[in-house]
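Asks: One structure is given below, represented as C-alpha coordinates, and several questions about it will come after.
The values are calculated or read from the model by the stated rules, or taken from the named source; none is laboratory data. Everything quoted here is computed from the prediction, not taken from an experiment. Every residue, glycine among them, receives a Cβ derived from its backbone with ideal geometry; neighbour counts consider all protein chains shown. Please note that ligands, DNA and RNA were not included when accessible areas were found on the heavy atoms of the full protein model with its side chains. Shrake-Rupley method; radii C 1.70, N 1.55, O 1.52, S 1.80 Å.
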Amino acid sequence: MKIATFKDFIDFLNEEVKLTHLEHIEDLIIIDGINGAKTAIQFLRENINVLTGTSDLVIQGKMDGAPAIIAGTNPENGKFFVATKSLFNKTPKINYTNEDIERNHEGNLVEKLKIALAELPKLQFKGILQGDMLFDQSILRKESIDGIKYVTFRPNTITYAVPENSELAKKILKAKIGMAWHTTYTGTKIENLSANFHIDISSHKETSDIFNTDTNLKINNILMSEDEANEINLKLDELEKDLKNFSKEDLLIIRNNKEIILTYINSKVREGETVSNTMVKGMFDFINNKFEKEKLKLKSELGKDKKDLAKKEKNLEFREIAGTLWYVLKFHIEIQDIKIRIVKILDNVKSMETFVETPEGYKVTTPEGYVAIDKLEGGAVKLVDRLEFSKNNFNIIKNW
(Lines give C-alpha, C1' and ligand atoms only; values in the text may rest on other atoms or scores of the structure.)
Protein backbone atom coordinates (compact mmCIF):
# COMPACT_ATOMS: atom_id res chain seq x y z
CA MET A 1 0.00 0.00 0.00
CA LYS A 2 1.38 3.42 -0.95
CA ILE A 3 1.42 5.76 2.04
CA ALA A 4 1.38 9.45 1.20
CA THR A 5 -0.89 11.14 3.74
CA PHE A 6 -1.79 10.93 7.41
CA LYS A 7 -5.07 9.22 6.47
CA ASP A 8 -3.16 6.67 4.36
CA PHE A 9 -1.02 5.85 7.38
CA ILE A 10 -4.05 5.41 9.63
CA ASP A 11 -5.65 3.16 7.01
CA PHE A 12 -2.38 1.19 6.87
CA LEU A 13 -2.43 0.65 10.64
CA ASN A 14 -6.09 -0.38 10.70
CA GLU A 15 -5.67 -2.67 7.67
CA GLU A 16 -2.72 -4.50 9.23
CA VAL A 17 -4.03 -4.99 12.76
CA LYS A 18 -7.86 -5.07 12.49
CA LEU A 19 -7.90 -3.85 16.10
CA THR A 20 -6.37 -7.05 17.40
CA HIS A 21 -3.43 -4.82 18.27
CA LEU A 22 -2.67 -1.11 18.61
CA GLU A 23 0.79 0.36 18.17
CA HIS A 24 2.81 2.21 20.81
CA ILE A 25 3.27 5.79 19.67
CA GLU A 26 7.06 5.66 19.96
CA ASP A 27 7.19 2.60 17.68
CA LEU A 28 5.65 4.40 14.70
CA ILE A 29 9.02 5.58 13.32
CA ILE A 30 10.12 1.92 13.13
CA ILE A 31 6.83 0.84 11.58
CA ASP A 32 6.70 3.47 8.85
CA GLY A 33 9.73 5.75 8.90
CA ILE A 34 9.19 9.48 8.33
CA ASN A 35 5.40 9.13 7.96
CA GLY A 36 5.21 7.21 11.20
CA ALA A 37 7.43 9.72 13.00
CA LYS A 38 5.30 12.65 11.81
CA THR A 39 2.15 10.82 12.92
CA ALA A 40 3.65 10.31 16.40
CA ILE A 41 4.51 14.01 16.63
CA GLN A 42 1.04 15.01 15.44
CA PHE A 43 -0.68 12.78 18.01
CA LEU A 44 1.49 14.15 20.83
CA ARG A 45 0.71 17.74 19.83
CA GLU A 46 -3.00 16.94 19.88
CA ASN A 47 -2.67 15.28 23.30
CA ILE A 48 -1.01 18.43 24.61
CA ASN A 49 -3.87 20.48 23.14
CA VAL A 50 -6.37 18.25 24.97
CA LEU A 51 -4.60 18.88 28.26
CA THR A 52 -4.59 22.63 27.64
CA GLY A 53 -8.26 22.60 26.63
CA THR A 54 -7.84 23.38 22.92
CA SER A 55 -8.47 20.06 21.11
CA ASP A 56 -11.31 17.65 20.40
CA LEU A 57 -8.97 14.63 20.27
CA VAL A 58 -10.63 11.71 22.03
CA ILE A 59 -8.58 9.98 24.71
CA GLN A 60 -9.74 6.63 26.04
CA GLY A 61 -8.48 4.97 29.19
CA LYS A 62 -7.25 1.44 28.55
CA MET A 63 -9.07 -0.91 30.92
CA ASP A 64 -7.11 -4.02 31.86
CA GLY A 65 -10.09 -6.26 31.25
CA ALA A 66 -10.24 -9.85 30.09
CA PRO A 67 -11.37 -11.31 27.87
CA ALA A 68 -11.71 -8.84 25.02
CA ILE A 69 -15.26 -9.31 23.73
CA ILE A 70 -16.78 -8.47 20.37
CA ALA A 71 -20.57 -8.63 20.36
CA GLY A 72 -23.55 -7.56 18.33
CA THR A 73 -25.71 -8.51 15.40
CA ASN A 74 -24.13 -10.31 12.46
CA PRO A 75 -25.19 -8.26 9.40
CA GLU A 76 -25.15 -11.43 7.30
CA ASN A 77 -27.90 -13.25 9.23
CA GLY A 78 -29.36 -10.87 11.82
CA LYS A 79 -28.30 -13.07 14.74
CA PHE A 80 -26.74 -11.80 17.98
CA PHE A 81 -23.30 -13.22 18.71
CA VAL A 82 -20.36 -12.94 21.08
CA ALA A 83 -16.75 -13.57 20.12
CA THR A 84 -13.15 -12.94 21.11
CA LYS A 85 -10.51 -11.54 18.76
CA SER A 86 -10.63 -14.96 17.09
CA LEU A 87 -13.56 -13.45 15.18
CA PHE A 88 -10.81 -12.17 12.86
CA ASN A 89 -9.18 -15.57 12.32
CA LYS A 90 -8.97 -16.88 8.78
CA THR A 91 -11.78 -19.18 9.89
CA PRO A 92 -13.76 -16.92 12.27
CA LYS A 93 -14.92 -18.25 15.63
CA ILE A 94 -18.38 -16.77 16.15
CA ASN A 95 -20.78 -17.84 18.89
CA TYR A 96 -24.57 -17.67 18.68
CA THR A 97 -25.27 -20.37 21.28
CA ASN A 98 -23.67 -21.97 24.33
CA GLU A 99 -22.95 -24.99 22.15
CA ASP A 100 -20.93 -22.77 19.79
CA ILE A 101 -18.94 -21.44 22.76
CA GLU A 102 -18.17 -24.95 24.02
CA ARG A 103 -17.04 -26.02 20.55
CA ASN A 104 -14.91 -22.96 19.81
CA HIS A 105 -13.29 -22.27 23.18
CA GLU A 106 -11.99 -23.94 26.31
CA GLY A 107 -11.11 -23.31 29.94
CA ASN A 108 -12.36 -20.36 31.99
CA LEU A 109 -13.13 -18.45 28.80
CA VAL A 110 -16.14 -20.69 28.13
CA GLU A 111 -18.02 -19.52 31.24
CA LYS A 112 -17.12 -15.87 30.64
CA LEU A 113 -18.50 -15.98 27.09
CA LYS A 114 -21.66 -17.79 28.23
CA ILE A 115 -22.36 -14.98 30.70
CA ALA A 116 -21.73 -12.40 27.95
CA LEU A 117 -24.08 -14.21 25.57
CA ALA A 118 -26.83 -14.35 28.19
CA GLU A 119 -26.55 -10.76 29.39
CA LEU A 120 -25.36 -8.47 26.58
CA PRO A 121 -28.49 -8.75 24.37
CA LYS A 122 -30.30 -6.91 27.20
CA LEU A 123 -28.50 -3.71 26.14
CA GLN A 124 -30.39 -3.79 22.81
CA PHE A 125 -27.65 -1.95 20.95
CA LYS A 126 -27.36 -1.91 17.18
CA GLY A 127 -24.33 -3.01 15.19
CA ILE A 128 -21.16 -4.60 16.54
CA LEU A 129 -19.06 -3.37 19.47
CA GLN A 130 -15.76 -4.36 21.03
CA GLY A 131 -14.90 -3.95 24.68
CA ASP A 132 -13.25 -5.52 27.69
CA MET A 133 -15.02 -7.69 30.23
CA LEU A 134 -14.27 -6.14 33.62
CA PHE A 135 -15.93 -8.65 35.90
CA ASP A 136 -18.60 -11.20 36.54
CA GLN A 137 -19.93 -12.08 39.98
CA SER A 138 -17.23 -14.72 40.50
CA ILE A 139 -14.39 -12.18 40.79
CA LEU A 140 -16.08 -9.42 42.80
CA ARG A 141 -14.60 -9.03 46.29
CA LYS A 142 -15.07 -6.85 49.37
CA GLU A 143 -11.65 -5.97 50.73
CA SER A 144 -9.92 -3.46 52.99
CA ILE A 145 -6.87 -1.80 51.47
CA ASP A 146 -4.91 0.65 53.62
CA GLY A 147 -7.86 0.82 56.01
CA ILE A 148 -10.44 1.67 53.35
CA LYS A 149 -13.28 -0.72 52.48
CA TYR A 150 -13.54 -1.37 48.74
CA VAL A 151 -15.41 -3.47 46.23
CA THR A 152 -12.62 -4.89 44.05
CA PHE A 153 -12.22 -6.91 40.88
CA ARG A 154 -9.15 -8.07 39.01
CA PRO A 155 -9.90 -9.26 35.48
CA ASN A 156 -6.25 -9.48 34.46
CA THR A 157 -3.21 -7.73 35.98
CA ILE A 158 -4.63 -4.62 37.64
CA THR A 159 -7.02 -4.71 40.61
CA TYR A 160 -9.74 -2.06 40.35
CA ALA A 161 -11.18 -0.75 43.62
CA VAL A 162 -14.29 1.33 44.31
CA PRO A 163 -15.21 2.59 47.83
CA GLU A 164 -17.77 0.17 49.21
CA ASN A 165 -20.25 2.86 50.30
CA SER A 166 -20.31 4.61 46.90
CA GLU A 167 -23.16 4.54 44.35
CA LEU A 168 -20.70 3.11 41.81
CA ALA A 169 -19.97 0.15 44.10
CA LYS A 170 -23.69 -0.51 44.54
CA LYS A 171 -24.14 -0.69 40.75
CA ILE A 172 -21.19 -3.04 40.40
CA LEU A 173 -22.44 -5.40 43.14
CA LYS A 174 -25.86 -5.70 41.46
CA ALA A 175 -24.43 -6.46 38.03
CA LYS A 176 -23.89 -9.93 36.60
CA ILE A 177 -21.26 -8.62 34.19
CA GLY A 178 -19.19 -5.47 33.75
CA MET A 179 -18.24 -4.20 30.28
CA ALA A 180 -16.11 -1.27 29.11
CA TRP A 181 -16.70 -0.57 25.40
CA HIS A 182 -14.18 1.19 23.17
CA THR A 183 -14.82 0.39 19.49
CA THR A 184 -17.64 0.22 16.95
CA TYR A 185 -17.53 -1.97 13.84
CA THR A 186 -19.47 -1.41 10.62
CA GLY A 187 -19.72 -3.49 7.46
CA THR A 188 -21.96 -5.84 5.53
CA LYS A 189 -19.89 -8.95 6.29
CA ILE A 190 -17.76 -10.11 9.21
CA GLU A 191 -14.75 -10.40 6.91
CA ASN A 192 -14.88 -6.75 5.85
CA LEU A 193 -15.73 -5.04 9.14
CA SER A 194 -14.23 -1.57 9.58
CA ALA A 195 -13.20 -0.34 13.03
CA ASN A 196 -14.26 3.05 14.35
CA PHE A 197 -12.62 3.97 17.63
CA HIS A 198 -15.38 6.35 18.69
CA ILE A 199 -17.96 4.84 21.01
CA ASP A 200 -21.38 6.14 22.05
CA ILE A 201 -23.40 4.01 24.46
CA SER A 202 -26.08 6.61 25.20
CA SER A 203 -28.70 4.60 23.29
CA HIS A 204 -28.04 1.38 25.22
CA LYS A 205 -30.98 0.15 27.28
CA GLU A 206 -30.30 0.46 30.99
CA THR A 207 -30.32 -2.71 33.08
CA SER A 208 -29.03 -3.37 36.57
CA ASP A 209 -27.72 -6.74 35.33
CA ILE A 210 -24.91 -5.02 33.39
CA PHE A 211 -22.36 -2.47 34.56
CA ASN A 212 -22.09 -0.76 31.20
CA THR A 213 -19.55 1.96 30.47
CA ASP A 214 -17.35 3.38 27.75
CA THR A 215 -13.66 4.15 28.17
CA ASN A 216 -13.71 7.81 27.08
CA LEU A 217 -11.89 10.05 29.56
CA LYS A 218 -13.97 12.93 30.90
CA ILE A 219 -11.46 15.81 30.80
CA ASN A 220 -13.34 18.91 31.90
CA ASN A 221 -10.53 21.21 32.99
CA ILE A 222 -7.05 22.35 32.00
CA LEU A 223 -4.43 19.84 33.16
CA MET A 224 -1.26 21.27 31.60
CA SER A 225 0.11 24.79 31.90
CA GLU A 226 0.81 26.90 28.84
CA ASP A 227 4.52 27.05 29.77
CA GLU A 228 4.81 23.24 29.95
CA ALA A 229 2.92 22.87 26.65
CA ASN A 230 5.25 25.37 24.96
CA GLU A 231 8.31 23.55 26.30
CA ILE A 232 7.14 20.21 24.91
CA ASN A 233 6.07 21.69 21.58
CA LEU A 234 9.52 23.23 21.13
CA LYS A 235 11.03 19.79 21.69
CA LEU A 236 8.65 18.33 19.10
CA ASP A 237 9.67 21.10 16.69
CA GLU A 238 13.31 20.02 17.08
CA LEU A 239 12.44 16.36 16.54
CA GLU A 240 10.48 17.21 13.40
CA LYS A 241 13.38 19.25 11.98
CA ASP A 242 15.77 16.37 12.68
CA LEU A 243 13.71 14.05 10.47
CA LYS A 244 15.07 15.66 7.30
CA ASN A 245 18.52 14.27 8.19
CA PHE A 246 17.35 10.64 8.26
CA SER A 247 18.28 8.34 5.37
CA LYS A 248 15.04 7.29 3.66
CA GLU A 249 16.77 4.20 2.25
CA ASP A 250 17.89 3.13 5.73
CA LEU A 251 14.43 3.81 7.16
CA LEU A 252 12.93 1.55 4.51
CA ILE A 253 15.30 -1.25 5.57
CA ILE A 254 14.36 -0.61 9.22
CA ARG A 255 10.67 -0.80 8.29
CA ASN A 256 11.28 -4.09 6.45
CA ASN A 257 12.93 -5.40 9.63
CA LYS A 258 10.35 -3.95 12.01
CA GLU A 259 9.33 -7.33 13.44
CA ILE A 260 12.79 -8.26 14.66
CA ILE A 261 13.51 -4.73 15.94
CA LEU A 262 10.22 -4.44 17.84
CA THR A 263 10.60 -7.97 19.22
CA TYR A 264 14.03 -6.98 20.53
CA ILE A 265 12.71 -3.76 22.09
CA ASN A 266 9.83 -5.63 23.75
CA SER A 267 12.23 -8.25 25.13
CA LYS A 268 14.28 -5.49 26.79
CA VAL A 269 11.14 -3.82 28.19
CA ARG A 270 10.07 -7.16 29.72
CA GLU A 271 13.49 -7.32 31.38
CA GLY A 272 12.82 -3.89 32.89
CA GLU A 273 15.36 -2.10 30.72
CA THR A 274 14.68 1.38 29.39
CA VAL A 275 15.09 1.63 25.62
CA SER A 276 18.32 3.41 24.69
CA ASN A 277 20.30 3.98 21.49
CA THR A 278 23.14 1.87 22.96
CA MET A 279 20.86 -1.08 22.22
CA VAL A 280 22.14 -1.10 18.63
CA LYS A 281 25.05 -3.27 19.75
CA GLY A 282 22.70 -5.63 21.59
CA MET A 283 20.63 -5.93 18.43
CA PHE A 284 23.42 -7.93 16.76
CA ASP A 285 23.53 -10.41 19.65
CA PHE A 286 19.73 -10.70 19.46
CA ILE A 287 19.85 -11.38 15.69
CA ASN A 288 22.60 -13.98 16.06
CA ASN A 289 20.74 -15.78 18.87
CA LYS A 290 17.55 -15.77 16.79
CA PHE A 291 19.26 -17.41 13.81
CA GLU A 292 21.10 -19.92 16.02
CA LYS A 293 17.83 -21.00 17.66
CA GLU A 294 16.25 -21.45 14.22
CA LYS A 295 19.32 -23.38 13.05
CA LEU A 296 19.02 -25.86 15.94
CA LYS A 297 15.60 -26.89 14.64
CA LEU A 298 17.05 -27.90 11.26
CA LYS A 299 18.27 -31.42 10.48
CA SER A 300 19.98 -31.12 7.10
CA GLU A 301 23.45 -29.61 6.70
CA LEU A 302 22.22 -27.76 3.62
CA GLY A 303 19.48 -26.12 5.68
CA LYS A 304 21.98 -25.18 8.39
CA ASP A 305 24.36 -23.68 5.82
CA LYS A 306 21.53 -21.58 4.38
CA LYS A 307 20.67 -20.36 7.86
CA ASP A 308 24.30 -19.36 8.47
CA LEU A 309 24.32 -17.45 5.19
CA ALA A 310 21.05 -15.70 6.09
CA LYS A 311 22.53 -14.72 9.46
CA LYS A 312 25.62 -13.29 7.79
CA GLU A 313 23.52 -11.29 5.31
CA LYS A 314 21.27 -9.95 8.08
CA ASN A 315 24.32 -8.84 10.09
CA LEU A 316 25.71 -7.02 7.04
CA GLU A 317 22.34 -5.37 6.44
CA PHE A 318 22.16 -4.12 10.03
CA ARG A 319 25.77 -2.89 9.99
CA GLU A 320 24.91 -0.69 7.00
CA ILE A 321 21.97 0.92 8.83
CA ALA A 322 23.51 0.98 12.33
CA GLY A 323 24.02 4.75 12.28
CA THR A 324 20.44 5.48 11.26
CA LEU A 325 19.12 2.90 13.73
CA TRP A 326 21.03 4.72 16.50
CA TYR A 327 19.17 7.95 15.64
CA VAL A 328 15.86 6.10 15.26
CA LEU A 329 16.20 4.73 18.79
CA LYS A 330 17.15 8.22 20.03
CA PHE A 331 13.94 9.58 18.44
CA HIS A 332 12.07 6.60 19.95
CA ILE A 333 13.36 7.50 23.44
CA GLU A 334 12.48 11.18 23.18
CA ILE A 335 8.96 10.47 21.91
CA GLN A 336 8.56 7.98 24.76
CA ASP A 337 9.73 10.54 27.35
CA ILE A 338 7.15 13.07 26.14
CA LYS A 339 4.50 10.36 26.12
CA ILE A 340 5.27 9.46 29.75
CA ARG A 341 4.87 13.10 30.80
CA ILE A 342 1.41 13.11 29.22
CA VAL A 343 0.51 9.72 30.71
CA LYS A 344 1.40 10.85 34.24
CA ILE A 345 -0.99 13.79 33.88
CA LEU A 346 -3.77 11.56 32.50
CA ASP A 347 -3.29 9.17 35.43
CA ASN A 348 -5.05 11.74 37.61
CA VAL A 349 -8.27 11.39 35.57
CA LYS A 350 -9.81 8.14 36.77
CA SER A 351 -13.03 6.93 38.38
CA MET A 352 -11.54 3.89 40.13
CA GLU A 353 -8.45 3.29 42.25
CA THR A 354 -5.91 0.91 40.72
CA PHE A 355 -3.67 -1.52 42.59
CA VAL A 356 -1.40 -4.42 41.80
CA GLU A 357 -1.19 -7.42 44.14
CA THR A 358 2.36 -8.35 45.16
CA PRO A 359 3.81 -10.82 47.72
CA GLU A 360 3.95 -7.86 50.14
CA GLY A 361 0.29 -6.95 49.59
CA TYR A 362 -1.49 -4.38 47.43
CA LYS A 363 0.59 -1.60 45.91
CA VAL A 364 -0.85 1.50 44.26
CA THR A 365 -0.26 1.44 40.51
CA THR A 366 -1.17 3.52 37.51
CA PRO A 367 -3.94 2.60 35.03
CA GLU A 368 -2.90 0.37 32.13
CA GLY A 369 -2.61 3.33 29.76
CA TYR A 370 -4.54 5.31 27.19
CA VAL A 371 -5.57 5.33 23.55
CA ALA A 372 -5.41 8.61 21.61
CA ILE A 373 -7.95 8.76 18.79
CA ASP A 374 -7.91 11.24 15.93
CA LYS A 375 -11.49 12.43 15.53
CA LEU A 376 -11.18 13.37 11.85
CA GLU A 377 -9.07 10.49 10.55
CA GLY A 378 -10.26 7.79 12.95
CA GLY A 379 -6.83 6.29 13.75
CA ALA A 380 -5.49 5.45 17.19
CA VAL A 381 -2.25 4.78 19.03
CA LYS A 382 -1.38 3.51 22.52
CA LEU A 383 0.00 5.71 25.28
CA VAL A 384 1.32 3.21 27.83
CA ASP A 385 4.05 3.28 30.45
CA ARG A 386 5.50 0.03 29.15
CA LEU A 387 8.00 -0.48 31.96
CA GLU A 388 5.40 0.03 34.70
CA PHE A 389 2.85 -2.31 33.12
CA SER A 390 5.47 -4.93 32.25
CA LYS A 391 6.80 -4.86 35.82
CA ASN A 392 3.29 -5.30 37.22
CA ASN A 393 2.54 -8.17 34.86
CA PHE A 394 5.76 -9.93 35.84
CA ASN A 395 5.40 -9.48 39.61
CA ILE A 396 1.68 -10.11 39.97
CA ILE A 397 0.40 -12.94 42.16
CA LYS A 398 -1.48 -15.28 39.82
CA ASN A 399 -4.83 -16.65 40.95
CA TRP A 400 -5.20 -18.99 37.99
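Asks: Test of understanding: among Thr152, Thr84, which residue is touching a Pro at 6+ places or on another chain (Cβ under 8 Å) and under 20 Å from Asn212 (Cβ atoms)?
Replies: Values: Thr152 fails: touching a Pro at 6+ places or on another chain (Cβ under 8 Å).
Checking each option against the conditions leaves just Thr84.
Asks: Assuming Lys290 fulfils every condition listed in (1) in a helix (DSSP H, G or I); (2) open to solvent by less than 40 Å² (accessible area, probe 1.4 Å) apart from one, which condition is it?
Replies: (2)
Asks: Here's something else I'd like to know. Do the conditions hold for Leu109, that is, is it hydrophobic (A, V, I, L, M, F, W, C), surrounded by fewer than 18 Cβ atoms within 10 Å (Cβ to Cβ) and assigned to a helix (DSSP H, G or I)? Lay out the reasoning, then the answer.
Replies: Numbers: hydrophobic (A, V, I, L, M, F, W, C): yes; surrounded by fewer than 18 Cβ atoms within 10 Å (Cβ to Cβ): yes; assigned to a helix (DSSP H, G or I): yes.
Judged against the criteria, Leu109 is a match.
Asks: Please indicate, with yes or no, whether at least one residue in segment 343-353 is at pLDDT below 95, more than 23 Å from the chain's Cα centre (by Cα) and not in a helix (DSSP H, G or I).
Replies: No.
Asks: Go through Ser138, Ser144 for me and flag whichever is under 29 Å from Ser86 (Cα atoms) and open to solvent by 30 Å² or more (accessible area, probe 1.4 Å).
Replies: Values: Ser144 fails: under 29 Å from Ser86 (Cα atoms).
Going through Ser138, Ser144 in turn, just one is under 29 Å from Ser86 (Cα atoms) and open to solvent by 30 Å² or more (accessible area, probe 1.4 Å): Ser138.
Asks: Can you go through Thr152, Thr157 and tell me which one is surrounded by 14 or more Cβ atoms within 10 Å (Cβ to Cβ), at pLDDT 95 or above and of a type in the set (S, T, N, Q)? First the steps, then the outcome.
Replies: Working: Thr157 fails: at pLDDT 95 or above.
Going through Thr152, Thr157 in turn, the sole match is Thr152.
Asks: Taking the criterion of being under 28 Å from Lys307 (Cα atoms) and among the aromatic types (Phe, Trp, Tyr), would at least one residue in segment 277-286 satisfy it?
Replies: yes
Asks: I need the full set of residues from segment 202-224 which are among the hydroxyl-bearing types (Ser, Thr, Tyr) and either in contact (Cβ under 8 Å) with a residue 24 or more places away in the chain or touching a strand residue (DSSP E or B) at 6+ places or on another chain (Cβ under 6 Å) (or both), in order please.
Replies: Filtering segment 202-224 for residues among the hydroxyl-bearing types (Ser, Thr, Tyr) gives 202-203, 207-208, 213, 215.
Selection gives Ser203, Thr207, Ser208, Thr213, Thr215.
Asks: Still on this structure, please answer the following. Do you know which residues across segment 265-283 are assigned to a helix (DSSP H, G or I) and either at pLDDT 95 or above or small (Gly, Ala, Ser) (or both)?
Replies: Going through segment 265-283, the residues assigned to a helix (DSSP H, G or I) turn out to be 265-270, 279-283.
Those that are assigned to a helix (DSSP H, G or I) and either at pLDDT 95 or above or small (Gly, Ala, Ser) (or both): Ser267, Gly282.
Asks: Follow-up. For segment 164-182, give me each residue that is touching a residue at least 60 places away in the same chain (Cβ under 8 Å), open to solvent by 10 Å² or more (accessible area, probe 1.4 Å) and not basic (Lys, Arg).
Replies: Selection gives Leu168, His182.
Asks: Where residues in segment 214-234 are outside any helix (DSSP H, G or I) and not polar (S, T, N, Q), which of them is surrounded by the fewest Cβ atoms within 10 Å (Cβ to Cβ)? Step through it out loud before you land on a result.
Replies: So the first thing to find is which residues in segment 214-234 are outside any helix (DSSP H, G or I), and the list is 214-225.
Among the residues that remain, those that are also not polar (S, T, N, Q) are: 214, 217-219, 222-224.
Values: Asp214: 19, Leu217: 18, Lys218: 8, Ile219: 17, Ile222: 13, Leu223: 16, Met224: 18.
Checked segment 214-234; the qualifying residue surrounded by the fewest Cβ atoms within 10 Å (Cβ to Cβ) is Lys218.
Asks: Would you please name the residue that is least open to solvent (accessible area, probe 1.4 Å), looking only at residues in segment 183-201 that are closer than 22 Å to Gln124 by Cβ and out of contact with any strand residue (DSSP E or B) (no Cβ under 6 Å at 6 or more places or on another chain)?
Replies: Of everything passing the filter in segment 183-201, Ile190 is least open to solvent (accessible area, probe 1.4 Å).
Asks: Out of (1) in contact with a helix residue (DSSP H, G or I) (Cβ under 9 Å, 6 or more places away or on another chain); (2) open to solvent by 10 Å² or more (accessible area, probe 1.4 Å), the odd one out for Asn95 is which?
Replies: So Asn95 meets the others, but not (2).
Asks: When residues of segment 57-73 are filtered for being within 15 Å of Asn196 (Cα to Cα), part of a strand (DSSP E or B) and at pLDDT below 95, how many remain?
Replies: Here is the first cut: in segment 57-73, the ones within 15 Å of Asn196 (Cα to Cα) are 57-60, 70-72.
Going one step further and asking which of them are part of a strand (DSSP E or B), we end up with 58-60, 70-72.
Cutting the leftovers down to at pLDDT below 95 gives us 58-60.
Matching residues across segment 57-73 total 3.
Asks: What number goes with the only condition from (1) part of a loop (DSSP other than H, G, I, E, B); (2) at positive phi; (3) in contact (Cβ under 8 Å) with a residue 24 or more places away in the chain that Phe125 does not pass?
Replies: Unmet for Phe125, out of (1) part of a loop (DSSP other than H, G, I, E, B); (2) at positive phi; (3) in contact (Cβ under 8 Å) with a residue 24 or more places away in the chain: (2).
Asks: Count, please, the residues in segment 249-271 that happen to be in contact with a Gly (Cβ under 9 Å, 6 or more places away or on another chain) and either surrounded by 18 or more Cβ atoms within 10 Å (Cβ to Cβ) or not hydrophobic (A, V, I, L, M, F, W, C) (or both).
Replies: Residues of segment 249-271 in contact with a Gly (Cβ under 9 Å, 6 or more places away or on another chain): 250-252, 254-255, 264, 268.
Add one more test, that the residue is either surrounded by 18 or more Cβ atoms within 10 Å (Cβ to Cβ) or not hydrophobic (A, V, I, L, M, F, W, C) (or both), and what stays is 250-251, 254-255, 264, 268.
Selection size over segment 249-271: 6.
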